[in-house]
Amino acid sequence: MKAMRVAALVLAAGLAAPGAGAAELRLLSAGAVELGLTPALAVFERESGHVVRVEFAAAPALAGRFTTSPGYDAVIAPPAVLDTLARAGAVGSERVGVGKVGIGIAVRPGVAPPDIGSVEALRQSLLGADSVAFNRASTGLYVEKLIVRLGVADAVNAKATRHPDGASVMQHLLASSRPNEFGLGAITEIVLFKEQGLKLVGPLPAAVQNYTSYLASTAAPGADAARASATATLLRFLDSPRARRIFADVGIEAATP
């Protein structure tokens, strides 16, 4: 009987061994990379044994969210956001490139896609639309400059619908009934809503395309060495060729720190 109990304890220890030293990490990320980050983290969790709890937010909200209690172990954000966090002493010095995402045009089912085959065609489509939707985050800040550059700012702003983040723009388009409306957003965020019927018309013309880069960094070093080690492992994975292939498969292009 005693031998059986010992054998059972040995078996239980063996089953528990793969999880020994595993950590549960908290990651805050810009929503534009969700399409690639979700499958990449699934691979990381399966192979490392660590668990990553990820939350997504629009770029302007990342810095404020990152420093709220109980805090995060790592963040994926545009360089300017990481610079803000670095000045506050909230992140470490290491950064790895996750990828960069361009801007595209989206329409809901049944809406004729606008002509965006050239810069002039895009300009005319912006003028002819009943409504144009875009966010107040990284993409929207660029669109604000673009419509000024194209000389259509007054016309577009008069009929623009603005939302705090890309997901809200896509949800607005799907719920809207305006006959000639389109939205601008990160291409990956548009694709996230493909199964709900949203259509990616295409990217902005190359001459006016803009890419937002997203980099990963860790929280400033703390007292928990085990968590710091697990977070460093996560960053190495995000910087690996395998992770880059996953990102590339969904249209997240390579970016460097």
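Here, each number is a calculation from the coordinates, and none is a lab measurement. Just so you know, these numbers come straight off a predicted model, no measurement behind them. Cβ coordinates were reconstructed from backbone atoms using ideal geometry, including for glycine residues, and neighbour counts include every protein chain displayed.
Please order 194, 199 by the number of other Cβ within 10 Å, starting at the fewest.
Working: 194 13, 199 18.
Final ranking by Cβ density, sparse to dense: 194, 199.
To the nearest 0.05, how large is the calculated FRET efficiency for residue 229 and residue 53 if R₀ is 22 Å and r is the Cβ-Cβ distance?
Values: r = 18 Å, r/R0 = 0.80.
Efficiency, from the Cβ-Cβ distance: 0.80.
Give the angle, between 0 and 90 degrees and rounded to the nearest 10, that separates the Cα long axis of helix 2-16 from the longest principal axis of the Cα atoms of the chain.
With both axes taken from Cα atoms, the answer is about 30 degrees.
Of the candidates 63, 216, 88, which one comes out as most mobile in a Gaussian network treatment of the chain with C-alpha springs shorter than 10 Å?
The residue that fluctuates most here is 88.
Connecting C-alpha atoms closer than 10 Å in a GNM of the chain, tell me which of 74, 186, 232 has the biggest fluctuation.
Sorting by GNM fluctuation, first place goes to 232.
Which of these, 47, 24, 144, has the largest mean-square fluctuation under a Gaussian network model of the chain (Cα springs below 10 Å)?
47
So who's got an amide H within less than 5 Å of the one on residue 50, skipping anything under 5 residues away but keeping other chains? H placed 1.01 Å off N, in plane.
The answer is 23.
Taking only the Cα atoms of region 20-146, how large is their convex hull per residue, in Å³?
Taking only Cα atoms, region 20-146 has a hull volume of 155 Å³ per residue.
Just how many pairs of Lys in the chain have C-alpha atoms closer than 23 Å, counting pairs that are eight or more places apart or on different chains?
5
How would you rank 66-73, 96-103, highest first, on the average number of other Cβ atoms within 10 Å across their residues? Working shown, then result.
Numbers: 66-73: 14.5, 96-103: 23.4.
Ranking, from highest mean packing down: 96-103, 66-73.
Let me check against my output: what whole-number percent is the relative contact order of the chain, with C-alpha pairs under 8 Å and at least 6 apart?
That works out to 31 percent.
Between residue 65 and residue 120, what FRET efficiency comes out of the Förster formula 1/(1 + (r/R0)^6) with R0 = 35 Å and r the beta carbon distance, rounded to 0.05?
That pair, residue 120 with residue 65, gives E of 0.30.
For helix 225-238, report the angle its Cα long axis makes with the longest principal axis of the Cα atoms of the chain; keep it between 0 and 90° and round to the nearest 10°.
Approximately 50 degrees, to the nearest 10.
I want the antiparallel fraction of DSSP beta bridges within the chain, as a percent rounded to 5.
On the way: 20 of 37 bridges.
Of the beta bridges lying entirely in the chain, close to 55 percent run antiparallel.
For Cα extents along the principal axes in Å, the choices are (i) 51, 46, 32; (ii) 82, 41, 31; (iii) 68, 43, 35; which was calculated from the structure?
(ii)
Tell me, in nm to one decimal, what length is gained between residue 211 and residue 45 on full extension, where the rule is 0.36 nm per residue of separation less the Cα-Cα distance?
On the way: separation 166, 0.36 × 166 = 59.76 nm, distance 2.89 nm.
Working it through step by step, the gained length comes to 56.9 nm.
If each of residue 239 and residue 83 carries a label point 7 Å out from its Cα toward its Cβ, how far apart are those two points in nm?
2.1
Would you please report the Å³ per residue occupied by the convex hull of the alpha carbon atoms in region 103-208?
83
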